[in-house]
1. Applying 1/(1 + (r/R0)^6) with R0 = 45 Å to the Cβ-Cβ distance of residue 50 and residue 134, what FRET efficiency is obtained, to the nearest 0.05?
2. Bin all alpha-carbon pair distances of region 134-184 at 10 Å intervals from 0 and give each bin's fraction as a whole percent.
3. Nearest-5 percent of antiparallel DSSP beta bridges in region 47-204?
4. On full extension of the chain, what length is gained from residue 78 through residue 32, given 0.36 nm per residue of separation minus the C-alpha to C-alpha distance?
5. For the chain, set up a Gaussian network in which alpha carbons nearer than 10 Å are linked by springs, and say which option among 33, 60, 97 fluctuates the most.
6. Give the peptides 85-93, 8-16 in descending order of average Cβ contacts within 10 Å, highest first.
7. Cα centroids of region 88-143 and region 32-58: how far apart, whole angstrom?
8. Length gain on complete extension for the stretch residue 123 to residue 187, per 0.36 nm per residue less the alpha carbon to alpha carbon distance?
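What follows draws every value from the coordinates through simple rules; no lab data is involved. All figures in this text were calculated on a predicted structure; none of them were measured in a lab. So basically every Cβ, Gly included, is an ideal-geometry build from the backbone, and we count neighbours across all protein chains shown.
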Amino acid sequence: MSADGPRVLILGGTGFIGRNLVQYLVSYNIASFIRVVDKTPPSMAYFSDELKTSFESVEFVQANLADPAHVDRAFDTSSGGFNLVVNLAAETRYGLFEMLYEQSILQLRVRCAEKAAQIGVEKYIEVSSCQVYEGSNSKPSGEDKAKIKPWTMVAQFHYMAEEAIKKIANLNFCIVRLPIVYGPGDRSGLMPRIICAALYEHTG
């Protein structure tokens, strides 16, 4: 760890994006301290050997951030505060009940952002979804002109969370809407489809 780097808290850090972010921060010696919070522990997250090595350098806290008491534990500052918080925690599965999305996206994300403001985090990064943009648009989406029209229930609650977070006082935040993300370890996005296409091509 870098002695003069930021203290970083990564929520949802054993998921696909989080684990790669942790590996990047550790590999490039960017942070002085990293706490990773997730309901899935590293031992059950199907890590590669390289990822296992990276996670040996971080503090892991197992928590379900849909529970307010777990949020307090995740943001515990008894050993020091945080310069940067990255929120990747949210339900990603499709086809679930609306109430579950409200709890595990909207309420979870607003609660975490409010806690970050309360403890005085220097920068809060809310990682949202590009699915908040109109799905039928054939042109690239951008913040300046693209129409907001969430086309999945997951995206609807992400956008509701975005709007709520904008109203939180004393929160220095930015919202990142990721496009398609894929690569090693992607088990539910684009990568399985690429593998299937390659198999169809190979077998004729």
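1. Using R0 = 45 Å, I get an efficiency of 0.70.
2. Distribution as computed: 19, 48, 28, 5 percent.
3. Antiparallel: roughly 10 percent of the beta bridges in region 47-204.
4. 14.9 nm
5. 97
6. 8-16, 85-93
7. Using only Cα atoms to place each centre, the spacing works out to 22 Å.
8. 20.0 nm
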